[in-house]
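Only one structure is covered here, and it is reproduced in the block below.
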Amino acid sequence: MTEVFIPVRIDALTLGEAWMEIAAAILNAGVVGSWEGLPIVEVFRATLDVHAPRVDDPIITRHGDPERLAWMHANFADTSRVAELGDSDSYATRLYDYAHAGHDQIRWVIDRLAANPSARDATITTFEPLTDTSYIPCVSLLDFWLVKGELQLAVYAHAIDFGTKGYANLVELAALQARVAGDLDVGVGTLTMTVKSAHIYQTELALMRRIVAATQG
């Protein structure tokens, strides 16, 4: 009989709270797996709804790694290739110079929603199928839409490490959502992240248990 995995749903106010809740879910209900040969604990089909995704999050400021935050910011802001990911294109390239063809996808989203605030197809991808072979970007789809004057953002990721990386992804996605909302002169709505494999590396389980315990105390 095929094992059935129950999807995980996180409903949080802030980015930091969402990080702590998905980390706790992984620690409490995760199953043993592996990522490129490294042991992990993971849950499947996790969805995080963050209703007030502010970049300046106190939990992340206190417990996040500044170097990891800086690395992820560079990934989203610098079009240089990412050495740590096999010299793959950065998210910045994928978003602002897609396929090295000069296509600014974020400007396209802004223009599309400005022209039609009821549009439901302001959807972009970071996946470059003709060149992405050894590395597939974790966050591959971003979908923007407006509801009652607020910009919603839903993203899909095939896998996110919520030990040392996931919070940095959330921060950069929230910053991107705020930037688009600012250009459209609208409010910021919910940031939703759906993740096929939300995991923590086994080497970081003890650290994450301490961090989760510290925020729940």
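The values are calculated or read from the model by the stated rules, or taken from the named source; none is laboratory data. The structure displayed is predicted, hence computed values, not measured ones. Cβ coordinates were reconstructed from backbone atoms using ideal geometry, including for glycine residues, and neighbour counts include every protein chain displayed.
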Quiz item: Quick one: would you say G182 is under 18 Å from H73 (Cβ atoms) and more than 14 Å from the chain's Cα centre (by Cα)?
Solution: yes
Self-check item: Single residue of region 47-67 satisfying the filter (touching a helix residue (DSSP H, G or I) at 6+ places or on another chain (Cβ under 6 Å) and not β-branched (V, I, T)) that is surrounded by the most Cβ atoms within 10 Å (Cβ to Cβ)
Solution: L48
Practice problem: Go through the residues of region 89-98 one by one and say whether even a single one is surrounded by 19 or more Cβ atoms within 10 Å (Cβ to Cβ) and within 22 Å of Q202 (Cα to Cα). | Solution: no
Quiz item: Somewhere in region 138-156, is a residue within 14 Å of the chain's Cα centre (by Cα), at pLDDT 95 or above and not in a strand (DSSP E or B)?
Solution: yes
Practice problem: Could you please find all residues in region 59-111 being under 16 Å from L141 (Cα atoms), within 20 Å of the chain's Cα centre (by Cα) and not in a helix (DSSP H, G or I)? | Solution: D89, S90, D97, Y98, D104
Practice problem: Would you tally the residues in region 190-200 being buried (at least 19 other Cβ atoms within 10 Å of the Cβ) and touching a Pro at 6+ places or on another chain (Cβ under 9 Å)? | Solution: 1
